[in-house]
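As structure tokens, the structure follows; a few thoughts come after it.
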Amino acid sequence: GQLVLGITVPESVHSASQPSWHADRKLRLEISERTGAPRYAIRLYDPRSPRVKDEPGLIGPPIVLTRGQPVEIEVVNRLKDPTAIHWHGIELESYYDGVPGWSGAGTQITPPIAPDTSFVAHIVPPRAGTFIYHTHWHDTSQLTNGLYGPLIVLPEGETLDPKSDLTFVFSIGDFGALQELALINGTPQSKSLQLQTNRKYRFRFINISTNNQGMQVSLRNPSGPVDWVQVAKDGADLPAPVSRKAQQTITVGETFDVEFSTGTAQDLLLDLLLPAQRLHTTQTLSFQPEAPVPR
């Protein structure tokens, strides 16, 4: 619905030759079909973590990379239709960006990933932050049926702590007779999340819906929004953390990182609303003291 301007940057005649490519990591992202909703599934195969769940999640699994580390991600298409995966928000060599028929230069233009073929993306993340990977094929049903997931880039030497670093992916899902529903991490009815008091959490919020409307996200108690601290936006740290009321409009393709902690045992509601479409869902975050360790 908006004008898009493409810019071609030619090679300089004095450009230095590129060094030969070497990947420190090699991953495989396999896209397949399944019965029920969502229609598609994504599995991630990582030699460092050889165990893969038998049943894939409702959306794609998190891909965790390290800033500056070269990685190859082979995207394997087991669908009946073409697809493509775009690495949203990260500055990459154009050919590997994942927009078929457009990314690249000259005669080297990114192809669609045809059924039973694959495409190998070369990625060297230039900065740490919260990003997204998602289908960039011209078929809305792929985006409303699970072909997306969080992409997290960590600084060198850091590992992701799943107990205190939590990702919330906001999207819209096609559930047939129920039509479109607002989703948090792929589900319209999220289970209560059990968290601890007096622990600092990092919440990574991602909007990968299908329309151009902002999602209204808030964290509230019965009296209204609590306070959180904004620390990053779109994969870039803010110059200084900003403490504010825990309510934020997040538009399509945006990411926000906030920090939050509470010393009070309480249930808070993570509220997601698309007012124009009247789509709404919530998830309870239950903060309780850490259970004492038995002697």
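The values are calculated or read from the model by the stated rules, or taken from the named source; none is laboratory data. For clarity, every value in this text was computed on a predicted model and none was experimentally measured. Backbone-built Cβ (ideal geometry, glycine too); neighbour counts: all protein chains shown. For the accessible areas, the whole protein counts, side chains as well, though only heavy atoms, and no ligand, DNA or RNA atoms are used. Shrake-Rupley method; radii C 1.70, N 1.55, O 1.52, S 1.80 Å.
Give the residue list of GluC sites (Glu not before Pro) in region 222-295 that are DSSP loop and have at most 13 other beta-carbon atoms within 10 angstrom.
Glu290
Sort 242-253, 133-144 by packing, meaning the average of other beta carbons within 10 Å per residue, with the highest value first.
133-144, 242-253
With a point put 7 Å past each Cα toward its Cβ, work out how far Asp46 is from Arg127 in nm, to one decimal.
2.3 nm
Using the crude model of +1 on Lys and Arg Cβ and -1 on Asp and Glu Cβ, and no other charge, please compute the dipole size for the chain relative to its Cα centre, in debye to 20.
The dipole magnitude comes to about 760 debye.
Do any of Lys163/Lys245; Lys26/Lys80; Lys163/Lys191; Lys26/Lys200 go past 27 Å between their Cα atoms, and which?
As for pairs spanning more than 27 Å Cα to Cα, those are Lys26/Lys200.
Indicate, rounded to the nearest 5 percent, the antiparallel portion of the DSSP beta bridges found entirely in region 109-205.
Beta bridges within region 109-205, antiparallel portion: roughly 75 percent.
Just to check I understand the Karplus step: with θ = phi - 60° and J = 6.51 cos²θ - 1.76 cosθ + 1.60, what whole-Hz values come out for region 128-144, glycine and proline as x?
Values, residue by residue: 8, x, 9, 9, 9, 10, 7, 4, 10, 7, 8, 8, 4, 4, 5, 7, 8 Hz.
Given H placed 1.01 Å from N in the peptide plane, which residues other than close sequence neighbours of Phe175 have an amide H under 5 Å from its amide H?
Glu180, Leu181
I'd like to check one number: the per residue accessible area of the chain, probe 1.4 Å, reported in Å² as a whole number.
Counting only protein heavy atoms, the per-residue value for the chain is 54 Å².
To the nearest 20 Debye, how big is the dipole of region 129-213 about its Cα centre, given +1 on the beta carbon of each Lys and Arg and -1 on that of each Asp and Glu?
400 debye
Can you tell me how region 1-156 classifies by the Cα gyration tensor, rounded, prolate or oblate, using a/c under 1.5 as the rounded cut?
Verdict is oblate for region 1-156.
How large, in percent, is the carbon and sulfur part of the accessible surface of the chain at a probe radius of 1.4 Å?
That fraction is 51 percent.
For region 156-190 and region 219-262, what is the separation of their C-alpha centers, rounded to whole Å?
17 Å
Dividing the Cα convex hull volume of the chain by residue count, how many Å³ per residue is that?
Measuring per residue, one finds 180 Å³ for the Cα hull of the chain.
So what J values fall out for region 156-170 if you push phi through Karplus, 6.51 cos²θ - 1.76 cosθ + 1.60 with θ = phi - 60°, rounded to Hz, Gly and Pro as x?
Going residue by residue, I get 4, x, 9, 10, 7, 9, x, 7, 10, 10, 10, 10, 10, 9, 9 Hz, with x marking Gly and Pro.
Amide H to amide H, which residues 5 or more places from Lys26 or on other chains are under 5 Å from it, using H placed in the peptide plane?
Distant-sequence amide H within range of Lys26: Glu72.
When you take every Cα atom in region 99-249, what is the radius of gyration, and what is Dmax, the widest Cα pair distance, in Å?
Computed over the Cα atoms of region 99-249, radius of gyration and Dmax are 18.2, 59 Å.
Just how large is the dipole of region 1-83 about the Cα centre, in debye to the nearest 20, putting +1 at every Lys and Arg Cβ and -1 at every Asp and Glu Cβ?
Here region 1-83 has a charge dipole of around 300 debye.
For region 271-295 and region 8-68, compute the distance between their C-alpha centroids and round to whole Å.
Centre-to-centre distance over Cα atoms comes out at 30 Å.
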